1. Name all residues of region 249-279 having a backbone nitrogen under 15 Å from the label point set 7 Å from the Cα of TYR28 along its Cα→Cβ direction, giving them as ranges.
2. Hey, what did region 95-161 get for relative contact order, percent, Cα under 8 Å, at least 6 apart?
3. What are the residues whose amide H is under 5 Å from the amide H of GLY174, where those residues sit 5 or more places off or on another chain and H is modelled from the backbone?
4. List ASP133, ASP89 from most exposed to least, where exposure is judged by having the fewest other Cβ atoms within 10 Å.
5. Pop the C-beta distance of GLN119 and GLU19 into the FRET formula with R0 = 45 Å and round what comes out to the nearest 0.05.
6. Between THR273 and ASN93, with labels modelled 7 Å along Cα→Cβ, what's the label distance in nm to one decimal, could you check?
7. Using the structure shown, select from LYS83/LYS283; LYS83/LYS295; LYS203/LYS283 the pairs with a Cα to Cα distance greater than 31 angstrom.
8. Using Cα positions and a limit of under 13 Å, work out the aspartates and glutamates in reach of LYS123, with same-chain residues fewer than 8 apart set aside.
Amino acid sequence: MAPPLSCDARDRSTCLTQEEIEVVKKLYRGAYDSHGAQFVAGGLPLGSELRWPVPETPTGHSMSEMMVLPALQSVLLPGEKQKIQSMRDFPLNQQNFDAVAQLASLYNAANTNLHAYQQRGGKLILWHGLADDSVSPAFSIAYYRGVEAEMGHAATDTFLRLFLLPGVAHCGNGEGYDQIDLLTPLMRWTEEGIAPQEIMAGKRATAAADLPPMTEKPDAQTQFHGVQKVSQPYADAAPAVIATRPVYPFPAIARYNGRGDVNDGENYHAEQTTAFGHLQLAKPASDYIGPDNQKNYQVRHGTLTVQ
């Protein structure tokens, strides 16, 4: 991080001091332990800054804590309900990572052995928002690369595509282009053998409202990820779109042709890039993306056991 973001001798609201820059770097880098081990997929992705809701008070609850804490208490760890009252009771270290990893093969969705699926003619389209501050797009990139490592690039290219949507947050929303139709290209690929070379994504006229700062736990019956869902299970009407942008299979990005309406997706072309290099999944988290981390379980004498 360099000028013009960094301040000179004066500390102004339009720049960052060296101390502030170091804090920002740590946010983007993500959580590490004292030995440098990374237990999560990177930090907050570049471009997700407008999607960082934080508690209004030092004792307020974050959305991440409200989702993870019950999972740690009742789902992720072996044995009976855990006596974990806050995330401070479960520090980021190798011991706690290993404890969670004991049941990882039960709930992980990162099995890269898709040989049987590919041989039966299955097709798979993945997408992830590049401004997702809840689940890093580094996970999807690492999984895609894991499938390539397991099956080879040529075989992977026959049945798998990954699309990364710029400016799109978790499960959609955000300031980017989150209006997409994946069913039509998936059907065309499956039924006609025509692989998707691009997805034309739309930007809504009215962007989704930002999540409110969390002061207390939301009612799980009426909210999902902090957003009110009064009409479930019915979908909202298709919103008006004010701009379109093509999204190309990873690792290509859309580049403006230099002429024509910038809001018209027809005025862009694909360009190969290394711009996603900062979205890395390091060890030990990366060890759990592979062909041998999925097992079957059964309840035996009241205990969950591996078959």
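What follows is calculated from the coordinates using simple rules that are stated; it is not laboratory data. Computed from a predicted structure; not experimentally measured. Every residue, glycine as well, gets a Cβ built from its backbone with ideal geometry; the counts of neighbours run over all protein chains shown.
1. Within reach of a label on TYR28, which here means backbone N under 15 Å from a point 7 Å along Cα→Cβ, region 249-279 contributes 275-279.
2. On the way: 34 pairs, mean separation 28.1, N = 67.
Result for region 95-161 is 42 percent.
3. Under 5 Å from the amide H of GLY174 lie the amide H atoms of ALA169, ALA208, each far enough along the sequence or on another chain.
4. Working: ASP133 22, ASP89 12.
If I rank by nearby Cβ atoms, fewest first, I get ASP89, ASP133.
5. 0.20
6. Between THR273 and ASN93, the label points sit 4.1 nm apart.
7. LYS203/LYS283
8. ASP157, GLU191, GLU192
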